[in-house]
């Protein structure tokens, strides 16, 4: 009986994991909570750093593959709903800094790169727009493509085809494509 009671009073693994991975950062002057860490996939490694303002989450940085580099960004509205999420497209944009791939720490977030893709979420929780950025020869960050969606269907895109930082090609889609399966260009006047 004593062994059964002793075993049932031992530490709960879930409580121990939460205690090890959930840490708050507080403002030294006001004492307000400004950031909290979290183990989103419950494997015992901190992979999420959420910024807190006035007691509510405003944004998060995530290391989804736990390689020591932030690879997803999330921003929330006043009701704590996701309004946009960003990530780095591996095939485009700057490669991650190899010096920044130290293992994640529970004390501080891994090094942060800038996302080169942002998806915007509408009030119904579906993606309404996706913006893609690339780096030009001078190192400037330019939006090169903007996709617009309705009811999870691509309805329009805008492209910067000459790399001058301005959209100069428009395409309209119906049901994800034109009636004949080809993209129908949109004129500037329609834009």
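The values are calculated or read from the model by the stated rules, or taken from the named source; none is laboratory data. Everything numeric in this text was worked out from a predicted model, so none of it was measured. Because the Cβ atoms are built from the backbone with ideal geometry, glycine has one as well, and the counts that use them run over all protein chains shown.
Couple of notes before you dig in:
- Tally of residues being out of contact with any strand residue (DSSP E or B) (no Cβ under 8 Å at 6 or more places or on another chain) and either more than 21 Å from residue 118 (Cα to Cα) or surrounded by fewer than 19 Cβ atoms within 10 Å (Cβ to Cβ) (or both) across region 57-70: 4
- Scan of region 107-128 for residues that are under 14 Å from the mean Cα position of the chain (by Cα) and modelled with pLDDT of 80 or more, ordered by number: 114, 115, 116, 117, 118, 119, 120, 121, 127
- When region 40-64 is filtered for residues that are within 13 Å of the chain's Cα centre (by Cα) and assigned to a loop (DSSP other than H, G, I, E, B), the ones remaining, listed by number, are 47, 63, 64.
- Residue match in region 133-147 (condition: under 30 Å from residue 79 (Cβ atoms), loosely packed, with under 14 Cβ neighbours inside 10 Å and modelled with pLDDT of 90 or more): no
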